[in-house]
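Chemist: This is the structure, below, for whatever I ask next.
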Amino acid sequence: MVLEGAREGKLPLLMSYSTSPRRAGLPRTVLRWLQSLDLSFSPTHFRRDFSNGYLIAEIFSWYYPEDIQMRSFENGTSLPVKLSNWSQLGKFFAKRNLHPIRELIDGTIHCKPGAAEIFLQDIYTMLTNRRIKHIQDEEIDFTDSNYQDKLPMVARSTASRAIKTNIKLTEIMVEPNIQKNRQKVNAIINMHMQRRQLEREQVPERFGIKKTLGERAIRRPSMIVPSVSTVKIQKEKSIPVPSVASTEIRGKTGVHFKTVQVKQAEMPFRCELNSGTLNHLKEL
C-alpha cells in the first residue's frame, strides 16, 4: 500500500502495511515472509489480529490449499467464533501431523503478551524449515512481569490489578473449573508478593521499615581468641623433640637440664617350689 506522502509525490516509498505494526517483536525475515503471503488484511496489532485464528488459517491455506477452505472460517472477535476457528485448525493439525505448542495456542487465543509473536515464529519454522534466532532471551511466562519491572514503584500494579491483567475473562469462560482458576490466581499472587518483597529489600525507607537493633549496632572486627585445642597444638609444635644422642634440653625459660641415664638393677632370680619338689631334693 502506498503511503499518503508517496501519493503526493513526496515519498517514493512502498509498504505492504498501511501502518507500521506496533511493537511487532518479530524478526525482519518473519515480517517479510508475512508480507509475501499477501494476506487479506495487514496485521497492525498482532495480539488482537491473530487471536481468532483467521489469519493463522489463511497462512496455512497458502501451503495446504486442499485442506483449508477459508469460507469455513469467520473473522470475528467473539469467543464462539474464536473457538470454532481454532477447533477447525486443531483438526487440521492432527490430520497433517503438525504439533504446535499448546501453550502458544492458548496464549494467542487469550491475547497473552508475546504469545502471537512467538507462535508466528514457530509457524515460520514449521512451514519453511528455516531456523531463526529467538529474539527474546528472557524466560517466557506470558505475564506482564517484564513490563512491571520497567515501571517505577508508584506505577506498578496492585495484587487485584495483577490478577485482572494476567487472567483474561475468556480463560475463565473456556475453563470454568474453579480449582484450576484458583491455582492461576495463587500463582499470580505469589509472583506479586515476591516482587513486593524485593522492593522492600531494595528501598526499605519507602515502606517505613526501621532497622533492627542488631542492624543499627556498630559492628567492630571481633578479636580472634584461639581455642584450647589450638593452644595445645601450638605449644606442642613449639617445643622441639630431643634426639637420643642429645645430652641437654633447653626449656622455655632458658634453664638447662642435664639428662641422667640410670641403669636399672637386675632383679634376683626367684624360684618357687612346692612341697613335693622339696621332699625330692632332700632325698637326693
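Coordinate-derived values only; no laboratory data. Since this is a predicted model, take the numbers as computed values, not measurements. Because the Cβ atoms are built from the backbone with ideal geometry, glycine has one as well, and the counts that use them run over all protein chains shown.
Chemist: Restricting to lysines 8 or more places apart or on different chains, can you count the pairs in the range 49-173 with Cα atoms under 26 Å from each other?
Modeler: For the range 49-173, qualifying lysine pairs total 14.
Chemist: Find the percent of Cα-Cα distances in the range 144-207 that exceed 14 Å, and round it to a whole number.
Modeler: Numbers: 1243 of 2016 pairs.
Here the long-distance tail beyond 14 Å is 62 percent of all Cα pairs in the range 144-207.
Chemist: Just need the relative contact order of the range 144-207 here, percent rounded to a whole number, with Cα pairs under 8 Å and 6+ apart.
Modeler: Worked out over the range 144-207, it gives 31 percent.
Chemist: Now a separate question. Ranked from highest to lowest mean number of other Cβ atoms within 10 Å per residue, what is the order of the peptides 118-130, 163-175? Show your work: numbers first, answer last.
Modeler: On the way: 118-130: 16.8, 163-175: 14.8.
The densest-packed peptide leads the list: 118-130, 163-175.
Chemist: How far apart, in nm, are two points set 7 Å out from the Cα along the Cα-to-Cβ line at residue 79 and at residue 165?
Modeler: 2.3 nm
Chemist: A further question follows. For residue 61, what charge total do you get from the other residues with a beta carbon under 15 Å from its beta carbon, if Lys and Arg give +1 and Asp and Glu give -1? Could you put the intermediate results ahead of the total?
Modeler: Details: positive: 71, 91, 95, 96; negative: 38, 58, 66, 67, 74.
Taking every other residue near residue 61 into account, the sum is -1.
Chemist: Now, a different point. Quick check for me: using +1 on Lys/Arg Cβ and -1 on Asp/Glu Cβ, what's the dipole size of the range 96-203 about its Cα centre, in debye to the nearest 20? Before the final figure, lay out each step's value.
Modeler: Details: 17 positive and 14 negative charges, 42 e Å.
With Lys and Arg at +1 and Asp and Glu at -1, about 200 debye.
Chemist: Something else: Determine, for each peptide in 50-60, 72-82, 206-216, the mean count of other beta carbons within 10 angstrom over its residues, then list the peptides with the highest first. Can you show the working numbers first?
Modeler: On the way: 50-60: 21.8, 72-82: 14.4, 206-216: 8.6.
The peptides rank, most packed first, as 50-60, 72-82, 206-216.
Chemist: Quick one: which of 101-114, 143-156 comes out on top by average Cβ neighbours within 10 Å, and what's the full order, highest first? Write out the running numbers ahead of the final one.
Modeler: On the way: 101-114: 18.9, 143-156: 12.7.
Descending packing order for the listed peptides: 101-114, 143-156.
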